[in-house]
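Rule-based calculations on the coordinates, nothing more; no lab input. Please read these numbers as outputs of a predicted model, since none were measured by experiment. Neighbour counts run over all protein chains shown; Cβ positions are idealised from the backbone, glycine included.
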Amino acid sequence: MAQLRPWIRHTHLKDSIGSGEDRKYVLTGRGNVPIRRQIKSLRSTGYTGFYCFEWEKLWHPDLEDPEIAIADFARVVGSC
């Protein structure tokens, strides 16, 4: 993190379960991607950039509606 920090301007975050081709996107904080740990690590280096929330409903129509997913993302990121 210390070596990469000077070049990090914004991040893209999304959570999922599974691996490889068997990956399924899930609401933030409900998968196996350590989102909270990633945010805390970034903040510990003084990061004040953006967190871009990716929700690919167009390509994965079985996902929750954006209104639910965006609120959930805000809840998780706000608690870090």
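Where in the chain are there strands (runs of 3 or more DSSP E), lying fully within it, with 3 or more residues that are surrounded by 11 or more Cβ atoms within 10 Å (Cβ to Cβ)?
Here the list reads 15-17, 24-26.
State all residues of segment 43-76 that are β-branched (Val, Ile, Thr) and over 30 Å from Ala2 (Cβ atoms); if no residue qualifies, say none.
Ile68, Ile70 - these are the residues of segment 43-76 that are β-branched (Val, Ile, Thr) and over 30 Å from Ala2 (Cβ atoms).
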